[in-house]
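The values are calculated or read from the model by the stated rules, or taken from the named source; none is laboratory data. Keep in mind that what you see is a predicted model, and the values were worked out from it rather than measured. Cβ sites come from the backbone with ideal geometry, for glycine too, and all protein chains shown count toward neighbours.
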Amino acid sequence: MTAPSPAESSHLLSVLIFSPLLLAAFATFIQNERTLRWWTLFSTSGLALFSLQLWWEFDPTTARFQFTEFAHWIPWLGIDYSIGIDGISLLLVLLTTLIMPLCVLASWRYIQTRVKEFMICLLIMETAMVGVFCALDFILFFVFWEAMLIPMALLIGVWGGPRKIYAALKFFIYTMFGSMLLLVAIIALRLQVGSFSIPDMMGRDYPHSFQCWVFLAFFISFAIKVPMFPFHTWLPAAHVEAPTAGSVLLASILLKMGAYGFLRFSLPITPYATQLFTPYVLWLSVIAILYGGLTALAQTDLKKLVAYSSVAHMGFATLGIFALNQWGIEGALLVMINHGITTGALFIVVGIIYERLHTRDLAEASGIGKAMPIFALFAGVFALSSLAFPGTNSFIGEFLVMSGGFKLSTENPAFIVAMICVVPGVVLAAAYMLRMLQKVAYGGTRNPDHSQLKDLGLREILTLAPLLLFVFWIGLHPEPFTRVLDASVKHLLDQAQQVHPITSYAILP
């Protein structure tokens, strides 16, 4: 992207990044658990409202980084404090801030032990996640990237289910391995450029062999985070064992960091290698869509079902990114945002079931909608959104990704087979989501007795209502969201296509 302008300097992002840390420090002095919950809810809600200023002041007509801030951090190493956002990172920052108060509400009764430590972990996570999407210095990015790892592992390992230690260690080891490769790529780029500035690294004519090695390091690191097939095996365990808020953060924010890495680094820094490896990444995306759908269809644990659906949905995101055209990348970004909204909501729905039944087994939850009609309404809308029903938010994202993919196949006929293979993935999404909805809402002729269950309370309705609003807002009027992406995506494509296009693709990798 274009280098940030000093004239555009602002402290908005610094306040947004570091306020959660300050609020977490204040939380350490609060002893009453009820007060802690309210403190964290008001803190995250206030930051969410404050972050809306970015939306109102953002200029969608330029690809320049906005709300920039720059200061020398470690001058003798060339490391700077440099932050800013463009259209690509704006929506991800807002998604992060808006999802945090919902995580607090979803944990209101679920978390009964070590409440203070849990709330502090959430606030630290917010600093790290927002920082990742705002950093314009590679070392600063890496610090935030790693800072997110420890509190997330703690959320799983301390407040998780019976196999929480196993899940936390698996998550930590996988992501740490990816981080090591990312650090190697960062150092290699620093030796080439002489700076850790991310904008300075973009648009340069690196040797092709160098690009290939850097791309592979990027790819493994980001593919683990997405996660792409076959790097996905940590995800189901992490989701199943994590508390509801942990599953929401994993699905809504953390998985997006990998896809964001492809957009922010792989495409503009290694354009030749990106085009060279595109066939392989596209086929891995297709496999992820089919594998995720088939595996989700076989699940009886509701959390595992939603977790494997994430593998399929993020397959659509990487498919759109590596279609390398406007429709595909904008669709991928919308898939990322919509997946954060819809899958986050589905994990909250599963958490509500677990709080009442103390099980996530689909058979035990059969017919629960008859006793909880308001719950069934919310669950039904989010299930339809997950299968990309027209009029819901997920439809426009997957439609653009498919359009971008078929546009690519007209330019490179070798990809026609891959796009044809994607179609059953769409059908599978409908199969596993409608199966879940039918079981939960209506069940069969011999359902467990749910007559004593209470329907959603005010807290639970307030948790799900904002997500329901976005399901229909993006689904029926996506133009405000695509408008902020246009200029940044066009500029990204200019950087990704600055080399002579590679046309000799193989049909199979």
- Query: Given the conditions (1) buried (at least 19 other Cβ atoms within 10 Å of the Cβ); (2) farther than 28 Å from Leu98 by Cβ, and given that Tyr432 satisfies all but one, which numbered condition is not satisfied?
  - Reply: (2)
- Note on the structure: Output for Cβ contacts, cut-off 6 Å, separation at least six or different chains, first residue under 20 Å from Val489 (Cβ atoms) and aliphatic (A, V, I, L, M) in region 386-410, second modelled with pLDDT of 85 or more and surrounded by fewer than 22 Cβ atoms within 10 Å (Cβ to Cβ), reads Ile396/Pro478; Leu400/Trp327
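Taking the criterion of being touching an Asp or Glu at 6+ places or on another chain (Cβ under 9 Å) and of a type outside the set (Val, Ile, Thr), would at least one residue in region 404-427 satisfy it?
Yes; the residues of region 404-427 include at least one that is touching an Asp or Glu at 6+ places or on another chain (Cβ under 9 Å) and of a type outside the set (Val, Ile, Thr).
If you go through region 91-134, how many residues are touching a residue at least 40 places away in the same chain (Cβ under 8 Å) and under 23 Å from Phe196 (Cβ atoms)?
Count: 9.
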- Message: So, in region 180-232, how many residues would count as being in a loop (DSSP other than H, G, I, E, B) and free of Cβ contacts under 8 Å to residues at least 60 places away in the same chain?
- Response: 4
- Note on the structure: Residues of region 355-374 being touching a Lys or Arg at 6+ places or on another chain (Cβ under 9 Å), part of a helix (DSSP H, G or I) and within 23 Å of Ile111 (Cα to Cα), in sequence order, are Glu355, Arg356
- From the list Ala431, Ala418, which one is under 14 Å from Leu387 (Cβ atoms), under 25 Å from the mean Cα position of the chain (by Cα) and either in a helix (DSSP H, G or I) or free of Cβ contacts under 8 Å to residues at least 24 places away in the same chain (or both)? Ala431
- Being small (Gly, Ala, Ser) and either in a helix (DSSP H, G or I) or free of Cβ contacts under 8 Å to residues at least 40 places away in the same chain (or both) is the filter; apply it to region 135-154 and report the residue that is nearest to Asp86 (Cα to Cα). Ala147
- Query: Inside region 212-233, can you point out the residues that are polar (S, T, N, Q) and crowded, with 23+ Cβ neighbours inside 10 Å?
  - Reply: Ser221
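Of all residues being among the charged types (D, E, K, R) and part of a helix (DSSP H, G or I) in region 111-134, which is nearest to Ala242 (Cα to Cα)? Just the residue, please. Quick ask: steps written out before the conclusion?
Initially, region 111-134 is screened for residues among the charged types (D, E, K, R), giving 114, 116-117, 126.
Pick out the ones that are also part of a helix (DSSP H, G or I) and you get 116-117, 126.
Numbers: Lys116: 17, Glu117: 15, Glu126: 17 Å.
My answer is Glu117.
Give me the residue from region 453-497 that is in contact (Cβ under 8 Å) with a residue 60 or more places away in the chain and part of a loop (DSSP other than H, G, I, E, B) and, out of that set, nearest to the chain's Cα centre (by Cα).
Pro478
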- Query: Of all residues in region 192-211, which are within 18 Å of Phe277 (Cβ to Cβ), surrounded by 14 or more Cβ atoms within 10 Å (Cβ to Cβ) and either aliphatic (A, V, I, L, M) or in contact with a Phe, Trp or Tyr (Cβ under 7 Å, 6 or more places away or on another chain) (or both)?
  - Reply: Gln211
- Note on the structure: The number of residues in region 266-316 that are of a type in the set (Ser, Thr, Tyr), within 30 Å of Val193 (Cα to Cα) and crowded, with 23+ Cβ neighbours inside 10 Å is 3
